[in-house]
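This report refers to the structure that appears directly beneath it.
Since every read-out is calculated from the coordinates, none of them should be taken as a lab result. None of the values given here were measured: they were computed from a predicted structure. With ideal geometry, Cβ positions are generated from the backbone for all residues, glycine too; neighbour counts draw on all protein chains shown.
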Amino acid sequence: MQQELAALLAVQADDLEIHVIEDKLAALQPRLKELDVKRARIAAEVERAQVTVTAEEKKQAFLREKITEHKGLIERNQAQMDAVKTMRQATAAVAQMEEAKRIVATEESELVAINRRLDEARGALHASQASLEACATEQAEARAEVASQQASLDGELAVCRTKRDELAKHVAAPLLSKYDRIRLRRRAQTAWPVNGAACGACDTAIPMQRRNQMSSAGGIDVCEACGVLMYFAD
Ligand SMILES: [Zn+2]
């Protein structure tokens, strides 16, 4: 039994190391998430700016087409002017042409406003694209650092797990599975030496009868108060 206890304690020593490494790996996640959130926020800005630019470009193209169309109309009216025969026809043609010119003037002033808005939107787009690039540059070092820490911890973890699997072969299956159940719940030291006549983890006194049973059975039992495995150290 003492041999099995020694094997279990060796497994436990390795498990405690594994838990520390796993905690360190988990602690890297919030750092990565922070970087991701910041980058995603700027990427969303770029996307919004792109949507605005596209919308203004569409309006600009539409208006340019209208202006060309209405200028063509003015030219045709001009040509008709030369062909009019009566005063009445001339008056109508002039009125039509004045109307078309008025429309073109309105459209051209609208186009000026759109061009100005488009310039602003393109400026905002370029600024957000530049800050996305700056963010990528700024984060490159931090991301590389996290990746290298992760790789080195993964390496340590693999070594510890291989060693743990080897050590666990020396512990009987029922004891190992009882130990693992408690360990997975606690994620901390699971097997504790009996301290005097009390559990080493929670200091609850162990009744005399149980203590006697423990010693005669080879010495490993579960603490009724806190649920850890207790053992008699030599
Ligand atoms: Zn206890």
Amide H neighbours of residue 171 at under 5 Å, excluding residues fewer than 5 places away on the same chain, with H built from the backbone geometry, are none
Once amide hydrogens are built 1.01 Å from N within the peptide plane, the residues lying 5 or more places from residue 222 or on another chain with amide H under 5 Å from its amide H are 230
Over segment 157-234, the quotient of the Cα radius of gyration and 2.2 N^0.38 Å is 1.18
Taking a label point 7 Å from the Cα of residue 101 along Cα-to-Cβ, the residues of segment 34-70 whose backbone nitrogen sits under 18 Å from it are 67-70
Residues 106, 52 in order from fewest to most other beta-carbon atoms within 10 Å are 106, 52
In order over segment 175-190: 3J(HN,Hα) from phi, Karplus 6.51/-1.76/1.60, θ = phi - 60°, whole Hz, x for each Gly or Pro, gives 5, 5, 6, 5, 4, 5, 4, 5, 5, 5, 6, 8, 6, 7, 3, 10
Note to self, the chain gives a 222 nm [θ] from helices alone (DSSP H runs n ≥ 4, -39500 (n - 2.57) apiece, / all residues, nearest 500) of -30000 deg cm²/dmol
Length-normalised contact order of segment 38-151, Cα under 8 Å, at least 6 apart, in percent, tallies to 46
Once amide hydrogens are built 1.01 Å from N within the peptide plane, the residues lying 5 or more places from residue 195 or on another chain with amide H under 5 Å from its amide H are 200
Net charge (Lys, Arg +1; Asp, Glu -1) of residues whose beta-carbon lies under 12 Å from that of residue 168, residue 168 excluded, is -1
Computed over the chain, the relative contact order (Cα-Cα under 8 Å, seq sep at least six) in percent reads 29
Percent relative contact order for segment 172-234, counting Cα pairs under 8 Å at least six residues apart, stands at 32
Hull surface over four for the Cα convex hull of the chain, reported in nm², is 23.2
Of all DSSP beta bridges having both residues in the chain, the percent classed as antiparallel (nearest 5) is 60
One finds the C-alpha centres of segment 5-80 and segment 189-234 to be spaced, in Å, by 57
Too long for a 27 Å Cα-Cα cut-off, among 38/58; 59/101; 58/101, are 38/58
Within segment 1-36, the residues whose backbone N lies under 14 Å from a label point placed 7 Å from the Cα of residue 148 along the Cα-to-Cβ direction are none
